[in-house]
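Asks: Shown below is the structure under consideration.
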Amino acid sequence: MTVLRESIILRRGLRVATAPLAVFSLYLLFAGHNRPGGGFAGGLVAGVAIALAWATEGEAGTRRLVAVRSTVLLGAGLAVALVTGFAGLVWGGAFLESAVWDLSLPLFGDVKLVSAIGFDIGVYLVVVGVATGLIRSLGAGSGEGPA
Amino acid sequence: MLSIILLHGLLALGILSARRFIGRYAFPVAVIGPLATIGWAIWRAPGIVDGTPRVERLEWVPGLDLSVELLVDGYALLFVALVGVVGAAIFFYSAAYFRPGPRVPLFAASMVAFAGAMLGIVTSDHLLSVFIFWELTTITSYLLVGYDDRSAKARSAALHAAMVTGAGGLAMLGGFVLLADAGNSWLISDLVANPPGGAGLAWLLVLIGAASKSAQAPLHGWLPGAMAAPTPASAFLHSATMVKAGVFLVGRLSPAATAETDWWWPVVLTIGVATMLVGGWQALRQTDLKLLLAYGTVSQLGFLFLLAGSGIPALAYGAVALVLAHGLFKSALFLAVGAIDSATGTRDIRRLEGVGRSLPWVFATTVTAAASMAAVPATFGFVAKEAAFDGLVGEGTGLVAIVALASVLTVAYTGRFLLGAFGPATDEPTGVDQIGGWKVWVPFGLAGAGLVLGLVPGLVKPLVESAAVAISGDAAGKLVVWPGLVPALGWSLGSLAVGLSLVAVPRAVDAVTAAVATVTDRGPSTEGAFRAGLTGLLGGADRLTATFQSGSLPTYLATIALAVVAAGSIPLLGELGGVELPSLGPAIEIPLALVVSISAIGLLLTRRRFAAVILLGGVGYGIAGIYAANGGPDLSLTQILVETLAIALFALVLRNLPADFDRARASIGRILTSVAVAGFVFVAGLVAVDSRTAPSVAEYYVEESLPSAAGKNVVNVILVDFRAMDTLGEITVLAVATLGVAALVLPLLRRKQS
């Protein structure tokens with residue numbers, strides 16, 4: 001790991017790479033309902049980005065990407081998933097059943113909004129929280145920040 | 001009735017939550033429950049006695065046959081009335097008996113909760129709610145026996161009672177489940193109307209539960225111990241009501257049980273007779289008035305068990321009458337003993353003297369109630385026992401003779417009780433303080449009721465008859481003040497005379513019981529047997545734990561893996577014959593499989609930890625490739641991402657570990673274990689793929705994905721809609737595991753740093 005931190009080229013290069021990774025991660029999250037991807041895969045991509053940030057910049061790097069504690073993400077993710085589940089109970093019929101709304105939006109045209117996207121966002125948040133939490137706790141203890 | 005049961009629960013909760021400031025009003029509040037019960041019973045009695053049971057139903061989960069079903073027929077009404085009347089009397093008595101203290105409200109709350117649970121037992125028609133109320137009485141009994149929680153003896157007695165009746169309750173639950181399964185209904189009324197055949201084990205288990213609750217030999221040891229409870233609890237739970245739950249249940253079920261099994265009646269007879277004789281005999285040896293009454297209760301319960309469990313209408317009639325009589329005279333006697341105890345400070349018959357002179361009303365109460373216990377004519381005890389004897393005469397001389405022998409013992413211990421309480425002291429006598437109020441008048445009222453009913457049994461005749469009809473279909477007996485010159489009278493007066501002659505020679509009786517005791521005491525006492533059983537159980541659990549929880553991770557893994565292999569191989573072996581090997585997929589699978597295999601073999605051989613992580617990643621990436629080759633981009637993508645993140649996490653962990661693995665010795669045992677597990681997983685995979693019997697759910701998912709969940713990616717729709725509950729569970733596990741890692745790792749690192 002120290003190798004990564006000692007190489008300025010890698011450090012700068014990987015830092016640049018985090019932005020496209022974040023975009024890819026969000027793309028996977030939102031495209032997932034109709035194309036390969038989804039909250040789980042999207043969250044994992046974000047997790048890889050966080051791992052790279054840790055490798056190049058240490059703890060501070062993970063904080064640059066995720067400003068909050070991992071427990072906040074875990075709790076928020078579970079809460080979002082549960083709330084969406086109850087939304088299914090109200091509009092869809094059963095707990096966690098998808099409700100589908102057909103919307104006509106300016107600029108976007110006709111859009112199908114599925115309540116399951118909320119559930120997927122919950123999954124995404126939990127997975128990012130898991131990655132952040134594991135990297136921070138397992139990475140704690142030595143070599144804070146770039147060497 | 002449901003509202004009355006709920007009222008008891010609310011009263012208990014209310015008293016508990018107001019315990020800091022309710023003070024001496026705890027019992028006046030609690031008594032609302034029994035008074036409401038009495039009011040309900042009076043209101044509903046005419047209809048029920050006429051033969052229209054009161055039915056209440058509350059649907060809960062109809063799909064699982066879970067509902068609250070209450071059925072109050074004449075039989076249930078008799079017990080409801082008993083719980084209400086005795087309960088109200090005892091609550092008034094308790095208000096005077098206890099000095100206000102911080103724990104008194106807990107006692108009052110437990111008592112009123114118990115009364116509600118007891119009502120639940122006798123009125124529930126659904127087997128499961130019978131069980132729930134049944135165990136609620138076990139719990140409240142535990143709290144009441146252990147009320148004096150600083151006394152080790154009280155705690156131990158509470159545990160003994162709870163474990164014996166709790167274990168019996170579990171046996172009963174097993175019996176209930178089997179019964180409901182065999183009879184295809186949870187309702188007692190259905191099961192009694194159409195008794196299921198071939199349920200012998202079920203009846204046996206129910207009988208064990210009933211016998212443990214009603215303190216039948218050889219499980220009776222807990223009841224004398226339960227006398228550690230304050231006297232009002234002993235009077236209410238351990239003589240008048242709770243211990244009759246078993247009698248109640250066998251009374252309900254015995255017509256069906258005797259119809260379906262041929263062993264029920266002989267077994268019940270043996271248990272009942274043994275209990276009668278053991279209880280009566282032990283009562284003759286006691287020097288504590290309360291313990292004497294407790295063994296007397298054991299003896300009476302044996303008699304009731306025998307009568308109620310017979311399934312014979314004439315005996316059931318006697319049982320119902322005796323339940324009422326026993327409830328009245330035994331609670332009066334217990335409360336009188338409580339009064340004597342609080343006036344003199346002792347219950348020891350060797351030290352009591354002059355109580356009768358100082359407390360004439362207590363004396364009158366005790367003599368009246370004791371006369372009823374000994375079945376002296378003109379008491380309700382006599383009327384009820386005549387009804388029982390009348391039925392027994394029809395069942396053969398041998399049976400009557402045994403019961404008469406037990407009655408002799410009853411008369412003898414009644415005499416011992418009266419002489420002990422009011423006769424001269426043999427040790428240093430105690431003084432007697434004056435007492436009055438509820439403590440004197442409540443037992444007086446209960447004893448007086450027994451006397452009034454003895455002279456005018458017609459007052460309760462409709463109740464007793466409808467109760468007998470409800471369980472046996474027939475009121476095959478009569479309640480009369482004087483039966484005339486019939487054989488039953490001969491038996492009862494004869495046993496009374498023999499009993500009285502034993503009372504006249506107390507020294508001789510003491511000598512005989514002491515002589516027999518030198519022999520019988522060499523055997524294990526029930527208390528000792530319970531202790532030994534408990535010690536053995538805990539010791540066995542210790543040894544079992546020590547064997548399996550060795551603390552060695554390889555042993556745990558091997559145990560789990562081999563257990564799975566052993567259990568799984570049995571069904572697998574039968575399937576091996578017809579297995580077809582799956583056909584080969586796309587050609588690209590061959591190099592991918594080589595990558596996976598070579599990585600796996602390398603993983604076994606390398607000694608570098610980091611190399612092992614990389615090779616493990618090779619296995620994962622290879623499998624991701626196989627997913628992709630078979631048209632699963634989603635799975636493949638996720639697999640690759642998981643592998644990547646996992647390698648990063650492994651790298652973090654490896655920083656804190658040595659670079660090389662320990663040099664492990666490859667023992668034969670480990671190699672065999674590995675080969676067995678690998679072979680099993682391989683074969684199980686082949687068989688599992690080949691043994692589909694139902695159509696795959698995949699087609700349904702593919703078809704329904706777009707129409708019902710508006711998603712084209714079936715995998716994602718499965719995750720977030722079709723199987724979203726699974727996903728919810730999985731992300732919860734992930735979140736908890738992350739917290740677990742933090743909790744495990746961070747303290748370790750902190751310790752390392754400091």
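Asks: So for each of B:296-305, B:79-88, A:7-16, B:255-264 I average, over its residues, the number of other beta carbons within 10 Å; can you give me the resulting order with the highest mean first?
Replies: B:296-305, B:79-88, B:255-264, A:7-16
Asks: To continue, here is another question. Tell me, what is the 1.4 Å probe accessible area of B:LEU399, in Å² to the nearest 10?
Replies: 20 Å²
Asks: Leaving ligands, DNA and RNA out of it, work out the accessible area of B:ARG655 with a 1.4 Å probe and give it in Å² to the nearest 10.
Replies: So the heavy atoms of B:ARG655 present about 80 Å² to solvent.
Asks: Considering only protein heavy atoms, what is the solvent-accessible area of B:TYR142 at a probe of 1.4 Å, reported in Å² to the nearest 10?
Replies: 100 Å²
Asks: OK, next. Spelling out what I want: for every residue of region B:535-549, take phi, set θ = phi - 60°, compute 6.51 cos²θ - 1.76 cosθ + 1.60 (Karplus), and round to whole Hz; glycine and proline get x.
Replies: Values, residue by residue: 4, x, 4, 5, x, x, 4, 4, 5, 4, 5, 4, 5, 8, 9 Hz.
Asks: Also, I was wondering about something else. What average number of partner chain Cβ atoms lie no more than 10 Å from the Cβ of the residues making up B:722-728? Display every interim value, and only then the final one.
Replies: Working: counts 3, 1, 13, 4, 0, 9, 11.
For this peptide, the per-residue mean of nearby foreign Cβ atoms is 6.
Asks: Continuing with this model, one more query. What aspartates and glutamates does B:LYS712 reach when the alpha-carbon gap must be under 13 Å and sequence neighbours fewer than 8 apart in one chain are set aside?
Replies: B:ASP634, B:GLU703, B:GLU704, B:ASP721
Asks: If you line up the Cα atoms of chain B on their principal axes, what length do they span on each, largest first, in Å?
Replies: 104, 61, 54
Asks: Counting Lys and Arg as +1 and Asp and Glu as -1, what is the net charge of the other residues whose Cβ lies under 14 Å from the Cβ of A:LEU89? Please list the in-between numbers first.
Replies: Details: positive: none; negative: A:GLU97, B:ASP721.
Result for the local shell: -2.
Asks: Between region B:651-685 and region B:545-587, what is the C-alpha centre distance in whole Å?
Replies: Using only Cα atoms to place each centre, the spacing works out to 15 Å.
Asks: Right, here's the next one. If you take the square roots of the eigenvalues of the alpha-carbon gyration tensor of region B:695-754 and sort them as a ≥ b ≥ c, do you get rounded (a/c under 1.5), prolate (a/b over b/c) or oblate?
Replies: prolate
Asks: Choose one of B:PHE382, B:PRO695, B:PRO571: the residue whose Cα lies farthest towards the positive end of the charge dipole of chain B (beta-carbon charges +1 Lys, Arg; -1 Asp, Glu; about the Cα centre).
Replies: B:PHE382
Asks: Another one. May I ask for the distance between the Cα centers of region B:188-212 and region B:706-726, given as a whole number of Å?
Replies: A separation of 49 Å, based on Cα centres.
Asks: Going by a ≥ b ≥ c, the root eigenvalues of the Cα gyration tensor, does region B:25-68 fall in the rounded group (a/c under 1.5), the prolate group (a/b larger than b/c) or the oblate group? Write down the numbers at each step before the final one.
Replies: On the way: a/c = 5.96, a/b = 1.35, b/c = 4.42.
The shape class here is oblate.
Asks: Over every pair of different alpha-carbon atoms in region B:536-630, take the mean of 1/r and invert it; report that Kirkwood radius in Å.
Replies: Computed over region B:536-630, the radius equals 17.5 Å.
Asks: If I compute solvent accessible area with a 1.4 Å probe over the protein chains, what percent of it on the protein assembly as shown is carbon and sulfur?
Replies: Carbon and sulfur atoms account for 68 percent of the accessible area of the protein assembly as shown.
Asks: Keeping every protein chain in place, order A:THR71, B:THR123, B:THR270 by accessible area at 1.4 Å, biggest value first, i.e. largest first.
Replies: Details: A:THR71 65, B:THR123 0, B:THR270 90 Å².
Final ranking, largest accessible area leading: B:THR270, A:THR71, B:THR123.
Asks: Enumerate the lysines that B:LYS213 could reach by cross-link, defined here as Cα to Cα under 16 Å, with residues fewer than 8 away along the same chain left out.
Replies: Leaving aside lysines fewer than 8 places away in the same chain, those within reach of B:LYS213 are B:LYS244.
Asks: Okay, moving on. Checking the a/c ratio against 1.5 first, then a/b against b/c, what shape does the Cα gyration tensor give for region B:1-120?
Replies: Oblate shape, in that a/c is at least 1.5 and b/c is the bigger or equal ratio.
Asks: Something else now. Explain nothing, just compute: Karplus ³J(HN,Hα) = 6.51 cos²θ - 1.76 cosθ + 1.60, θ = phi - 60°, for every residue of region B:360-377 in order, whole Hz, x for Gly and Pro.
Replies: Coupling constants for region B:360-377: x, 6, 5, 4, 4, 4, 5, 5, 5, 5, 5, 4, 5, 5, 7, 6, 6, x Hz.
Asks: For region B:1-69 and region B:238-282, what is the centre-to-centre distance using only Cα atoms, to the nearest Å?
Replies: Cα centres, region B:1-69 to region B:238-282: 28 Å.
Asks: Moving on. Ordering B:ARG24, B:ARG350, B:ARG507 by how much accessible area each has at a 1.4 Å probe, largest first, what is the list?
Replies: B:ARG507, B:ARG24, B:ARG350
Asks: At 20 °C and 1.002 mPa s, grab the translational diffusion coefficient of the protein assembly as shown from Stokes-Einstein with a Kirkwood Rh over Cα pairs, rounded to a whole number in µm² per second.
Replies: 64 µm²/s
Asks: FRET efficiency for B:LEU605 and B:TYR700, Cβ-Cβ distance as r, R0 = 51 Å, nearest 0.05?
Replies: The value I calculate is 0.65.
Asks: Now for a different question. Please list B:TRP186, B:TRP482, B:TRP203 from largest to smallest accessible area, probe radius 1.4 Å, with all protein chains kept in place.
Replies: Working: B:TRP186 55, B:TRP482 140, B:TRP203 0 Å².
From most exposed to least exposed: B:TRP482, B:TRP186, B:TRP203.
Asks: Next question. Loop-only chymotrypsin sites (Phe, Trp or Tyr not before Pro) in region B:585-680, please: DSSP not H, G, I, E or B, and at most 15 other Cβ atoms within 10 Å.
Replies: Those satisfying the criteria are B:PHE661.
Asks: Helix-derived [θ] at 222 nm for the protein assembly as shown: sum -39500 (n - 2.57) over DSSP H runs of at least 4, divide by residue count, nearest 500?
Replies: Working: 38 runs with 644 residues, N = 901.
The helix-only estimate for the protein assembly as shown comes to -24000 deg cm²/dmol at 222 nm.
The values are calculated or read from the model by the stated rules, or taken from the named source; none is laboratory data. Bear in mind the structure is a predicted one, so any value in this text is a computation, not a measurement. Positions of Cβ are generated from backbone atoms using ideal geometry, with glycine treated the same way; all protein chains shown enter the neighbour counts. Surface areas here come from the heavy atoms of the whole protein model, side chains and all, with no ligands, DNA or RNA. Shrake-Rupley method; radii C 1.70, N 1.55, O 1.52, S 1.80 Å.
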